[in-house]
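Have a look at the structure below, then the notes.
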Amino acid sequence: MLAVFDAKSLRCLYTNSQYAQLGQQTPAQIVGKTLAEILGPELSTLVLPYAHTSISSGEPVSYTRTVTDASGPRHLEVSFVPVNTSSRLYVLANDISKHRLAEQALEQSMSRLHKFMAASEEGIAFHIDGMITDVNQALLRMLGYASDEMVGHSTLEFVPESEHDRVKLVIAKRDEIAYESLALHKTRGAIPVEFIVRDIVWAGVKQRMVIVRDISERRATLERIRYLALNDSLSGLPNRAALDEHLRLLMKAKPAVNFAVLFLDVDQLKRINDSLGHAAGDALLIETAGRLARLCATENAIDQDAWLSRIGGDEFVLTLRNPNEATLDSFVSRIEAAFDAPYFLNGRKIKASASIGVALYPSDGEDSNQLLKNADAAMYAAKASGRRTVRYFDQALARAADAMLEIEQDLASAIQTSQFELFFQPIMSSDGRELISAEALLRWNHPNRGLIMPNEFIHIAEESNLFLPIGQWVLEHALREVKDWIALGWEHARVAVNLSNNEVRADDFVAEIIASLRRTEIAGEHLELELTERMLMSQDNAIRDALLRLQSEGIKLSIDDFGTGYSSLSRLSALPIDTLKIDQSFVAELPESHTALAIVTALLQLCRGLTIDVVAEGVERADQRDCLQLLGCDAMQGFLFSRPMNASDFKRWLSELLSEDDWIQPRISRKRRAN
Ligand code: C2E
Ligand code: MG
Ligand code: MG
């Protein structure tokens, strides 16, 4: 909108139609009129001063006003511009409604941003070059300040000094980034936060907006995850992964350190799990972890940097820095002493012990795998030589460990190449005149190693799942021998076959056994199966049903090595058992040990009540035989009567026995169990 006036008279010389329209007139109606006439009295008092100022100063003067017409209110910016040394006055009017709307929108968006800031759970701050211009409530709550304690202050006041350089750098580079850092709480010190920083135009000025996120919880979760990855959930001790890391650090240490790795295995865990249940086993482990941890926290142990972890079921590993013979010995005996106090599990008092294997770095292994493997081998040797012992790794052990591996490899082909052989040991009445049965005992004629006894390879076969075919072989060969014995005249011949854990756990072991009987055409009463307490302790009824099926075939069932587990006697009486074999460890202590005497007496009494037959194992001396006989146990097995013999020796021995005059054809079972 443009009009030109004479500066002296303020009469209109020219106007365009847009300007004329402001007053709802045509240009012809306006030209020649004075500005005061065009504006009318009211507007003139408002506007004329601007015109006069402009003319007298020779400078443009602007003002804004609002006009309202049919299309609503409009914002006008009007400028008086004097030209030709103030002889002419130009009037320029611009409709600035659009700009006004934009400003209003900005105001609204600012209030929206304010609302957003107020509603946000996350802390928000604005700053210009590090000077805080605005903060929201969430941030004030997060950091514990009042608004005036933050606004107008430097951002650096709210981060710990350690973070200053980074914060300054981010401000200087004007990066749009997110990074984890720390913020200072007014009273609680540094808290972990994430800063998300970006530029934003705020109140018409370019500012930095910082979103502050409290990540304490995220940190805590991450730490929990890390804890779980590196700690055993049962005992809270460092786990296998943590041990690997610990060993790696020890091996990297400068200057280099020597250290000992002690591999500790709790002797009784399996037995306790099987007999008292897993909760009792867990309690044993937790208690043991606690005892060992307390030991590692004693002054002496701290001096040697004792470090404890649990790496598997019943396995703990300790490390000791720069040990010498004396410190190591005393540490080991303190570990052993830690097991002295009894454990109370399920209301029972139980003694536990540990077998310990020790390997030294660097002499017994230069990497952690080798070192642990050797400590483990030493532990196995300790366990094999009787529980509650310690064994240091040495070269003989290294060879034994290799041998074990070889055994595992050789076992696979031992059946095909007929390296197995059965020996037989008679079970007799105490006077040696009655033959009750013969136990089949497995031997392995190894091509290089010579004769290997079952205790040396059966557990390896079980662990590597090679035992099922071996067990099958034993059963069939034992049954074939029985055939020969019957033919020799032992009418009620009976062979006792040991079953392994793996066999009993196999799906259809009962069907397999019955099939073997059918194949060899032997009646069930010629077979006796020796089970261990462990096999019978599972609480489900499957094992009971299996035993009943076997018994219905006429097969006798006995419990081997009785007294070495924690069988519950009530459970025992619920199972269809014919014979109980008292473990040789009790017999060995007869007749001197009062404890052994008491246990054997009680067992015999109990079995009489349950009409279960009793066999004493490992009878080596006449005084043991006599004592057992006096206590009322008449069935015996042991070197006193006969060592295990190979098949042909046994047949020769049997023929001799059968030819003796006072030989008694044995009874099948002296007492039949009432079902
Ligand atoms: P077991 O079933 O308790 O067998 C008795 C063990 O005691 C046999 O050892 C036998 O030679 C030994 N023995 C017999 N009388 C005496 C004695 O008077 N004094 C001493 N000190 N020992 C005596 P062996 O043959 O070395 O067998 C050891 C174990 O290996 C057996 O203990 C049995 O648990 C297991 N075993 C043997 N053969 C087989 C088999 O075919 N299958 C399974 N699953 N296990 C078997
Ligand atoms: Mg046996
Ligand atoms: Mg036995």
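The values are calculated or read from the model by the stated rules, or taken from the named source; none is laboratory data. All of these numbers come straight from a predicted model, not from anything done at the bench. Quick reminder, even Gly has a Cβ in these numbers, built from the backbone with ideal geometry, and neighbours come from all protein chains shown. All accessible areas refer to the heavy atoms of the entire protein, side chains included, with ligands and DNA or RNA removed. Shrake-Rupley method; radii C 1.70, N 1.55, O 1.52, S 1.80 Å.
Worth pointing out:
- Test result for E421, in the same structural domain as L475 (by TED's automatic domain parsing) and either closer than 30 Å to W490 by Cβ or not in a helix (DSSP H, G or I) (or both): yes
- Qualifying helices (runs of 4 or more DSSP H) (wholly inside the range 1-69; at least 1 residues being open to solvent by 50 Å² or more (accessible area, probe 1.4 Å) and of a type in the set (D, E)): 35-57
- Residue within the range 384-397 that is under 20 Å from D314 (Cβ atoms), in contact (Cβ under 8 Å) with a residue 24 or more places away in the chain and part of a helix (DSSP H, G or I) present: no
- Pair list, Cβ under 8 Å, 6 or more apart: the range 30-44 residue in the same structural domain as T15 (by TED's automatic domain parsing), other residue aromatic (F, W, Y) and open to solvent by 40 Å² or more (accessible area, probe 1.4 Å): V31/Y14
- Residue in the range 110-122 that is over 60 Å from the mean Cα position of the chain (by Cα) and crowded, with 18+ Cβ neighbours inside 10 Å present: no
- Residue tally, condition of a type in the set (G, A, S) and open to solvent by 20 Å² or more (accessible area, probe 1.4 Å), over the range 404-431: 3
- When restricted to residues that are out of contact with any strand residue (DSSP E or B) (no Cβ under 6 Å at 6 or more places or on another chain), within 16 Å of ligand 3 (Cβ to nearest atom) and outside any helix (DSSP H, G or I), the range 593-637 contains 2.
- Residue check, Q624 within 11 Å of ligand 1 (Cβ to nearest atom), farther than 30 Å from V474 by Cα and in contact (Cβ under 8 Å) with a residue 12 or more places away in the chain: yes
- The range 526-560 - residue that is touching a Ser or Thr at 6+ places or on another chain (Cβ under 9 Å) and among the acidic types (D, E) and, of those, farthest from D578 (Cα to Cα): E533
- Residue check for L10: in contact (Cβ under 8 Å) with a residue 60 or more places away in the chain, touching a Leu at 6+ places or on another chain (Cβ under 7 Å) and not acidic (D, E): yes
- Counted residues, the range 448-467 - those being within 9 Å of ligand 1 (Cβ to nearest atom) and exposed (fewer than 11 other Cβ atoms within 10 Å of the Cβ): 1
- The single residue among R449, R388 that is under 44 Å from the mean Cα position of the chain (by Cα), on the phi > 0 side of the Ramachandran plot and not aliphatic (A, V, I, L, M) turns out to be R388.
- Identity of the residue in the range 480-510, under 27 Å from E406 (Cβ atoms) and within 11 Å of ligand 1 (Cβ to nearest atom), that ends up modelled with the highest pLDDT: N498
- Of everything in the range 123-165 that is small (G, A, S) and part of a helix (DSSP H, G or I), the residue that is most open to solvent (accessible area, probe 1.4 Å) is S162.
- Candidates I470, I458, filtered to the one that is more than 25 Å from D613 (Cβ to Cβ), within 16 Å of ligand 3 (Cβ to nearest atom) and outside any strand (DSSP E or B): I458
- Which numbered condition A574 misses (of (1) away from ligand 3 (no atom under 16 Å from the Cβ); (2) at pLDDT 90 or above): (2)
- Unmet criterion (only one of (1) without any contact (Cβ under 8 Å) to a residue 60 or more places away in the chain; (2) closer than 23 Å to S500 by Cβ; (3) touching a helix residue (DSSP H, G or I) at 6+ places or on another chain (Cβ under 6 Å)) for P576: (1)
Residues are listed down the side, and each one gets a yes or a no for (1) modelled with pLDDT of 90 or more; (2) of a type in the set (A, V, I, L, M); (3) outside the structural domain of E299 (by TED's automatic domain parsing); (4) touching an Asp or Glu at 6+ places or on another chain (Cβ under 7 Å):
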{"site": "E325", "(1), (2), (3), (4)": "no, no, no, no"}
{"site": "E336", "(1), (2), (3), (4)": "yes, no, no, no"}
{"site": "S363", "(1), (2), (3), (4)": "yes, no, no, no"}
{"site": "L372", "(1), (2), (3), (4)": "yes, yes, no, no"}
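- Residue check, V482 touching a His at 6+ places or on another chain (Cβ under 7 Å) and in a helix (DSSP H, G or I): yes
- Residues considered: H477, H526. Of these, the only one that is out of contact with any Asp or Glu (no Cβ under 9 Å at 6 or more places or on another chain), open to solvent by 10 Å² or more (accessible area, probe 1.4 Å) and at pLDDT 95 or above is H526.
- Considering only residues in the range 557-566 that are modelled with pLDDT under 80 and either of a type in the set (V, I, T) or within 16 Å of ligand 1 (Cβ to nearest atom) (or both), the one that is surrounded by the fewest Cβ atoms within 10 Å (Cβ to Cβ) turns out to be T564.
- Scoring H75 on the criteria (1) touching a Pro at 6+ places or on another chain (Cβ under 9 Å); (2) open to solvent by less than 60 Å² (accessible area, probe 1.4 Å) leaves a single failure, condition (1).
- Residue in the range 531-547 that is within 16 Å of ligand 1 (Cβ to nearest atom), open to solvent by 10 Å² or more (accessible area, probe 1.4 Å) and over 16 Å from L499 (Cα atoms) present: no
- Residue in the range 360-370 that is closer than 20 Å to D267 by Cβ and either assigned to a strand (DSSP E or B) or out of contact with any Pro (no Cβ under 7 Å at 6 or more places or on another chain) (or both) present: no
- Condition check for S87: of a type outside the set (F, W, Y), free of Cβ contacts under 8 Å to residues at least 60 places away in the same chain and over 30 Å from V193 (Cα atoms): no
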